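Comments concern the structure below.
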Amino acid sequence: MEAYFDNSATTRVLDSVMDIVVKTMTVDYGNAAAKHRKGMEAEQYIREARAEIAKTLKAADKEILFTSGGSESNNMALIGTALANQRAGKHIISTAIEHPSVYNPLAYLEELGFEVTFLPVDHDGHISLQQLEEAVRPDTILVSVMYVNNEVGAVEPVEEISRIVKKKNPKTLLHVDAIQAYGKYVIRPKKQGIDLLSVSGHKIHGPKGIGFLYIANGVKIKPLIYGGGQQAGLRSGTENVPGAAGLGVAAREMYTNHEEKVRHLIGLKDYMTDRMGEIEGTVVNSKKGTDSAPQIVSVSFEGVRSEVLLHALEDRGIYVSSGSACSSHHPGISGTLKGIGVAQKLLDSTIRFSFGLFNTKEEIDYCIDVLKELVPVLRRYQRG
């Protein structure tokens, strides 16, 4: 049996996504910038995908900018808006549990002379709203907060965060990394006071290499890529028609019968959380129900190194993560786990299980049976 529980790293594409990607690669394969019929057909796919995505956010079509994925969306949101608004100030606020695609652009901005305040989080992964309010200054141009943490599934109260920030400084922009949240939550940027929102296609059963950045009308932002002037000059380069078309279909599918899909994910999460209690020496770092994201369960296995367990599970056809896929190239202890106060002895013993639409309870039962067999053996081995 095979059980893929690494859906926060990437997902299997839906059949409907695969169909449109193949069609736009083999039949309607024109360049969207070309003036002939093939080009116009390709451009129509881009327009339709943009409209589908905008509809899920109740946004205007022109507020959706296609990118190569979540990392580019985050880079553009941070660097593009910082450079465009630096005359108003050079202070930025973020949190201690952000993704590397937020941390590293912020580090780059610090090299350029910007000042970044990183807010700590509590045991549940939430920032202190009082500390946030105290941190906002007249020269704060941007606040960047993750909607759903990619490692433990903590959910930040973005609407309340926006209200506090805008009350203290109405000119401060709010960027939300929604890469693990889009598709799982109903997101309304205008209602929630979000100015910039990053999304990645391959987290929602869409293609890899495509994402989008929602940019609220009127937000000043500088391009990071210059060239032929595609997408109103904000992101030059030949448009990824198959990617955009696939992302449009995935977005529509995720928000069709949305509540039912979310209930399915929460059911899997809660079932796995309950069954983890059958394994001695485990600590679940994620909350049940709606208190955390529907698709993520973080579990610490005392006395077992996460990488050893990951490969032992892989040998049995079970695929999990020992952290963010994007941070696996930079080995080290997770800043998120430290941030939420996971015990020192468990920092290198934590596994993330993340669910998608294709997962079943039978796969969880298989995984628990394998864990019951493996964990005691690995503990004895590591003690020896």
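The values are calculated or read from the model by the stated rules, or taken from the named source; none is laboratory data. Keep in mind it's a predicted model, so treat the numbers as computed, not measured. Neighbour counts run over all protein chains shown; Cβ positions are idealised from the backbone, glycine included. Side chains included, ligands, DNA and RNA excluded: accessible areas come from the protein's heavy atoms. Shrake-Rupley method; radii C 1.70, N 1.55, O 1.52, S 1.80 Å.
Taking only Cα atoms of segment 111-241, what ratio of Rg to Rh do you get with Rh as the Kirkwood inverse-distance radius?
Looking at segment 111-241, the ratio lands at 0.98.
Which percent of the accessible area of the chain is formed by carbon and sulfur heavy atoms (probe 1.4 angstrom)?
So the carbon and sulfur contribution to the accessible surface is 52 percent.
What value, in deg cm²/dmol to 500, does the helix sum -39500 (n - 2.57) over DSSP H runs of n ≥ 4 give at 222 nm once divided by the residues of the chain?
My calculation for the chain gives -12000 deg cm²/dmol from helical runs alone.
Quick one: accessible area per residue over the chain, 1.4 Å probe, rounded to a whole number of Å²?
With all protein chains present, the chain gives 43 Å² per residue.
Based on the mean of other Cβ atoms within 10 Å per residue, sort peptides 216-224, 306-314, 2-10, 65-73 so the most packed one is first.
65-73, 2-10, 306-314, 216-224
Considering Cα pairs under 8 angstrom that are at least six residues apart, work out the relative contact order of the chain and quote it in whole percent.
23 percent
Show me 205-211, 80-86 ranked by packing, highest mean number of other Cβ atoms within 10 Å first.
Result, highest mean first: 205-211, 80-86.
In the calculated pair distance distribution of segment 1-131, what percentage of Cα-Cα distances lie above 26 Å?
The share of Cα pairs beyond 26 Å in segment 1-131 comes to 48 percent.
If you build a Gaussian network model of the chain, linking Cα atoms that sit under 10 Å apart, which residue out of Val186, Val176, Val21 swings the most?
So, out of Val186, Val176, Val21, the one fluctuating most is Val186.
Starting from the Cα of Thr26, step 7 Å toward the Cβ, then list every residue of segment 191-217 with an amide N under 18 Å from that point.
Those under the cut-off are 207.
Show which lysines lie in cross-link reach of Lys35 when reach means a straight Cα distance below 27 angstrom and same-chain residues fewer than eight apart are skipped.
Answer for Lys35, where 27 Å is the Cα cut-off: Lys23, Lys62, listed by chain and number.
Looking at the square roots a ≥ b ≥ c of the eigenvalues of the Cα gyration tensor of segment 91-167, which shape do they give, rounded for a/c under 1.5, prolate if a/b is larger than b/c, or oblate?
It is oblate, given that a/c is not under 1.5 and a/b is not larger than b/c.
Based on the mean of other Cβ atoms within 10 Å per residue, sort peptides 126-138, 336-348 so the most packed one is first.
Those peptides, ordered most packed to least, come out 336-348, 126-138.
Treat each spin label as a single point 7 Å out from the Cα along the C-beta direction, and report the Lys372 to Leu347 distance in nm.
3.4 nm
How far is the Cα center of segment 1-31 from the Cα center of segment 150-228, in Å?
24 Å
Does the chain come out rounded, prolate or oblate, given a ≥ b ≥ c as the square roots of the eigenvalues of its C-alpha gyration tensor, rounded meaning a/c under 1.5 and, failing that, prolate meaning a/b above b/c?
Since a/c reaches 1.5 but b/c is at least a/b, the shape of the chain is classed as oblate.
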